[in-house]
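The values are calculated or read from the model by the stated rules, or taken from the named source; none is laboratory data. These numbers come from a predicted model, not from an experiment. For neighbour counting, all protein chains shown are included, and Cβ atoms are generated from backbone atoms with ideal geometry for every residue, glycine included.
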Amino acid sequence: MSISVKTSSAQETIELGYTVGRLLKPGDVVCLYGELGAGKTTFIKGVARALGIDEKEITSASFVIIAEHYGEHPLYHIDLYRIEGEDSLFDTGVDEYLQGDGICLIEWAERLNYQCSLSIKIEVGDKEERAFSIEGPEERITNLKKALRAWRKKE
């Protein structure tokens, strides 16, 4: 099942991340897809805020590959942009995080063959506009639709 959502600013992208983040639980793996500059890290800032983590702590994890953040639940920000090949991937120890007690958000998830709790594709529009396609199990998408209706009413 899937849902489509559009945002028109970086702040709205953060708010969308916050809305999704409030529905995540330990053990969830969220796969993010999108070109450079699509807003993957911006979205993760909102998820972090939902978990009680200062969004200022969230920066691109491209050079560290895995950044750990601690709030209500551990947040593992995994960026696979610099990973080439399966051997390099498992040298990072990513498999331990995927089966750990935290919430994993994976940028450049196409480099990983894994069944995600949610898959989020981000397409860049004009200026700061972004189109999100979020796929997941029916119950998760139904809950997300309810949360998004409440979010949109606040605007």
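Summary of computed values
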| quantity | calculated |
| --- | --- |
| Residues of region 108-127 satisfying the condition of being assigned to a strand (DSSP E or B) and in contact with a strand residue (DSSP E or B) (Cβ under 6 Å, 6 or more places away or on another chain) | LEU118, SER119, ILE120, LYS121, ILE122, GLU123 |
| Any hit, region 119-137, residues being touching a residue at least 40 places away in the same chain (Cβ under 8 Å), aliphatic (A, V, I, L, M) and in contact with a Cys (Cβ under 8 Å, 6 or more places away or on another chain) | yes |
| Candidates GLY100, GLY52 - the one that is modelled with pLDDT of 95 or more, over 14 Å from the mean Cα position of the chain (by Cα) and under 21 Å from LEU24 (Cβ atoms) | GLY52 |
| Helices (runs of 4 or more DSSP H) wholly inside region 17-107 containing at least 2 residues that are on the phi < 0 side of the Ramachandran plot and buried (at least 23 other Cβ atoms within 10 Å of the Cβ) | 40-50 |
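For (1) β-branched (Val, Ile, Thr); (2) out of contact with any helix residue (DSSP H, G or I) (no Cβ under 8 Å at 6 or more places or on another chain), each residue gets a yes or a no:
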site	(1), (2)
LEU75	no, no
LEU80	no, no
ASP101	no, yes
TYR114	no, no
VAL124	yes, yes
ALA131	no, yes
ILE134	yes, no
GLU139	no, yes
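Listed here are the residues, each with its yes/no results for (1) over 21 Å from TYR33 (Cβ atoms); (2) of a type outside the set (A, V, I, L, M); (3) in contact with an Asp or Glu (Cβ under 8 Å, 6 or more places away or on another chain).
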position	(1), (2), (3)
SER119	no, yes, yes
GLY125	no, yes, no
ARG130	no, yes, yes
ILE134	no, no, no
GLU139	yes, yes, no
LEU144	no, no, no
ALA150	yes, no, no
